[in-house]
Every structure is written in C-alpha cells, then in structure tokens.
Amino acid sequence: MVLSGGRFIDLEKALYINTLLALVGPVVLIITTGVALFGLAEKISLARMICLFAGIILILFSLKAK
C-alpha cells in the first residue's frame, strides 16, 4: 500500500492500527461516563445509574452485532 507521501505501510500494521482505534472509542465512552457518574453520584438515583450503564452496554453490544 502506498500513501500520498510515498511511504509504504504493511497491511498487518494497518490492520493493527485499525484494531487499536476500534478499541479506543468504547473505552473512552466508558471512562467519560464513569467520571461523569462519579461526579453525579450524590444527585442521581441508583435506578437511573443502572439504566445508564444498561444503555452503554446496549450501545456497545449493538456495535458488535451485525
């Protein structure tokens, strides 16, 4: 594979980079939601917190489903 700059990239390296980027998105989603919920822990009920985590799990599940 040739990039516009004339550099060659191996297909395995490209697949590895793509895999890492696919893992970063859900991890960032979980971390930012966790930080936000930690800050709101006193103001939000347990039922709403469970619903939020269930929604996140469904989002991640839908990304894996075909």
Residue that is nearest to T19 (Cα to Cα), among those in the range 40-52 that are assigned to a helix (DSSP H, G or I) and open to solvent by less than 90 Å² (accessible area, probe 1.4 Å): L52
Within the set of pairs 6 or more residues apart or between chains, which connect a residue that is part of a helix (DSSP H, G or I) inside the range 17-30 to a residue that is at pLDDT below 80 and open to solvent by 80 Å² or more (accessible area, probe 1.4 Å) with Cβ atoms less than 6 Å apart? none
Looking at the range 40-59, I want the residues that are over 23 Å from P26 (Cα atoms) and have a partner that is of a type in the set (S, T, Y) with Cβ atoms under 9 Å, at least 6 apart or on another chain. Which pairs are those? none
Which count do you get for residues in the range 7-34 that are within 22 Å of K64 (Cα to Cα) and either open to solvent by less than 80 Å² (accessible area, probe 1.4 Å) or of a type in the set (A, V, I, L, M) (or both)? 19
Could you figure out which of (1) loosely packed, with under 10 Cβ neighbours inside 10 Å; (2) at pLDDT below 80; (3) not β-branched (V, I, T) isn't true of L37? (1)
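The values are calculated or read from the model by the stated rules, or taken from the named source; none is laboratory data. As the structure is a computational prediction, the values presented were derived from the model and not from experiment. Positions of Cβ are generated from backbone atoms using ideal geometry, with glycine treated the same way; all protein chains shown enter the neighbour counts. In case anyone asks, the SASA skips ligands and DNA or RNA and just uses the protein heavy atoms, side chains included. Shrake-Rupley method; radii C 1.70, N 1.55, O 1.52, S 1.80 Å.
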